[in-house]
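Beneath this line is the structure, given in structure tokens, with notes to follow.
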């Protein structure tokens with residue numbers, strides 16, 4: 001059942017991401033406004049779901065909303081959440097390394113693959 005919840009949430013997240021992209025399609029192509037918007041919204045939604053929503057007996061919400069929807073909407077939401085947890089736990093060195101390695105490796109891999 002959890003896989004189905006993740007599947008449905010991920011599908012809705014992906015379609016929502018596509019919708020955001022369509023909303024911004026007429027705006028300047030020199031800056032990724034749609035991606036920025038999706039990443040910020042997904043991070044906000046994840047934080048809201050994890051920290052602000054009342055805790056209930058329901059076990060479907062984390063699978064559907066946090067893993068599925070946010071995962072389909074943006075992978076940056078998980079990155080942001082993990083970084084904040086490290087900082088909240090006082091793991092400043094790990095948080096700094098996580099941030100630098102994630103950005104350098106993530107962008108670096110894309111950069112290297114675009115070299116012709």
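The values are calculated or read from the model by the stated rules, or taken from the named source; none is laboratory data. Small disclaimer: the values here were computed from a predicted structure and weren't measured. All Cβ positions, even for glycine, are placed from backbone atoms using ideal geometry, and neighbour counts span all protein chains on display.
Just checking, which of 65, 85 is crowded, with 18+ Cβ neighbours inside 10 Å and within 17 Å of the chain's Cα centre (by Cα)?
Among 65, 85, only 65 is crowded, with 18+ Cβ neighbours inside 10 Å and within 17 Å of the chain's Cα centre (by Cα).
Tell me the residue from 110, 104 that is surrounded by 11 or more Cβ atoms within 10 Å (Cβ to Cβ), at pLDDT below 90 and over 30 Å from residue 5 (Cα atoms), please.
Result of the check over 110, 104: 104.
Looking only at segment 16-26, count every residue that is under 9 Å from residue 73 (Cα atoms) and free of Cβ contacts under 8 Å to residues at least 12 places away in the same chain and tell me the total.
1
Looking at residue 78, is it surrounded by 15 or more Cβ atoms within 10 Å (Cβ to Cβ), at pLDDT below 85 and closer than 30 Å to residue 95 by Cβ?
yes
In this structure, is residue 96 free of Cβ contacts under 8 Å to residues at least 40 places away in the same chain and assigned to a helix (DSSP H, G or I)?
yes
Mind listing just one residue for me: the one in segment 18-59 that is over 19 Å from the mean Cα position of the chain (by Cα) and within 24 Å of residue 4 (Cα to Cα) and, of those, modelled with the lowest pLDDT?
57
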